[in-house]
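Handing you a structure now.
The values are calculated or read from the model by the stated rules, or taken from the named source; none is laboratory data. Small disclaimer: the values here were computed from a predicted structure and weren't measured. Every residue, glycine as well, gets a Cβ built from its backbone with ideal geometry; the counts of neighbours run over all protein chains shown.
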Amino acid sequence: MTSSTPARFRIALFASGNGTNAERIALYFKDKPQFQIGPVFYNRKQAYVAQRAANLGMEAIYLPDSRLKEPETVLDLLKTHGITHIVLAGYLSLIPAYLTAAYPQRIVNIHPALLPAYGGKGMYGHHVHEAVAANREKESGITIHLVDEHYDRGAILFQARCPLSPDDTPDRIAEKVHGLEYRHFPEVIEQWVLQTLPPFQSK
């Protein structure tokens, strides 16, 4: 951040893998002085998201699942960094109840399917796309939702859809869904934080 004015919103990113969504979020907010993105908290030691964070000059903090079970440690860490909101950007562990209680309505996640379909424990990443392909669905998409102490059950904020053809492979479905993620997730985060997101209407 180049401005000397303190950011109004400080958003922590939680990630587990490659970090493409985390990178796009950071770049989207780069010139928006109301927002500070980071640190990135990651729970898999070899996750490439840590390198992406370093490339962007962002702090990356290794937070294994065992440490996530230490409420005082985690909450103190978030408080030290002045975190106001948390974004799960490819984060594969269940958020504990103490954290959703400390950040009510202020933790958001993106899921690579149209919830409530293809959600729940074990339904993440390519597992979702394989299931969608196996069932020959005519469409898929993304769901951006608030986080509670259950997998994929928080209130839905936004969905975007993409049509599928019968010969779409899981890889091809992933490409289509990733395109929606990159296009919509940063903008929806901004609207959510600023409380300007239109009410979700199920289609």
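Check whether at least one residue in region 107-125 is over 20 Å from Gly17 (Cβ atoms), touching a His at 6+ places or on another chain (Cβ under 6 Å), at pLDDT 95 or above and surrounded by 13 or more Cβ atoms within 10 Å (Cβ to Cβ), and report yes or no.
no
Additional query: For region 137-153, enumerate the residues that are in a strand (DSSP E or B), touching a Phe, Trp or Tyr at 6+ places or on another chain (Cβ under 9 Å) and either closer than 13 Å to Ala113 by Cα or not aliphatic (A, V, I, L, M) (or both).
Ser140, Ile142, Thr143, Ile144, His145
Could I ask something else about it? Sort out which residues of region 1-18 are at pLDDT 95 or above and small (Gly, Ala, Ser), and write them in order of number.
Selection gives Ala12, Ala15, Ser16.
Could you grab me the full set of residues in region 149-177 that are more than 23 Å from Glu23 (Cα to Cα) and of a type in the set (D, E, K, R)?
If the condition is that a residue be more than 23 Å from Glu23 (Cα to Cα) and of a type in the set (D, E, K, R), then Glu149, Arg153, Asp167, Asp168 are the ones that fit.
Within region 103-148, which residues are charged (D, E, K, R), touching a helix residue (DSSP H, G or I) at 6+ places or on another chain (Cβ under 6 Å) and more than 29 Å from Gly82 (Cβ to Cβ)?
Result: Glu130, single match.
Filter region 21-38 down to the residues that are over 11 Å from the mean Cα position of the chain (by Cα) and farther than 14 Å from Glu190 by Cβ and list them by number.
Selection gives Glu23, Gly38.
Another question, if that's okay. Looking at region 109-131 only, could you name the residues that are touching a Phe, Trp or Tyr at 6+ places or on another chain (Cβ under 6 Å) and either touching a residue at least 24 places away in the same chain (Cβ under 8 Å) or β-branched (Val, Ile, Thr) (or both)?
If the condition is that a residue be touching a Phe, Trp or Tyr at 6+ places or on another chain (Cβ under 6 Å) and either touching a residue at least 24 places away in the same chain (Cβ under 8 Å) or β-branched (Val, Ile, Thr) (or both), then Ile110, Gly120, Lys121, Val128 are the ones that fit.
Next question, about the same structure. Can Ala102 be described as over 27 Å from Gln195 (Cβ atoms) and either among the β-branched types (Val, Ile, Thr) or at pLDDT 95 or above (or both)?
Here the answer is no, as Ala102 does not meet what is asked.
Could you please give the count of residues in region 58-103 that are part of a loop (DSSP other than H, G, I, E, B) and either among the basic types (Lys, Arg) or farther than 16 Å from Ile11 by Cβ (or both)?
Counting residues in region 58-103 that are part of a loop (DSSP other than H, G, I, E, B) and either among the basic types (Lys, Arg) or farther than 16 Å from Ile11 by Cβ (or both) gives 7.
While we're here: Regarding Ala47, is this residue within 16 Å of the chain's Cα centre (by Cα) and touching a residue at least 40 places away in the same chain (Cβ under 8 Å)?
Considered against the rule, which asks whether it is within 16 Å of the chain's Cα centre (by Cα) and touching a residue at least 40 places away in the same chain (Cβ under 8 Å), Ala47 comes out as no.
Scan (1) assigned to a strand (DSSP E or B); (2) under 23 Å from Glu23 (Cα atoms) for the single condition Leu180 breaks and write down its number.
Condition not satisfied by Leu180: (1).
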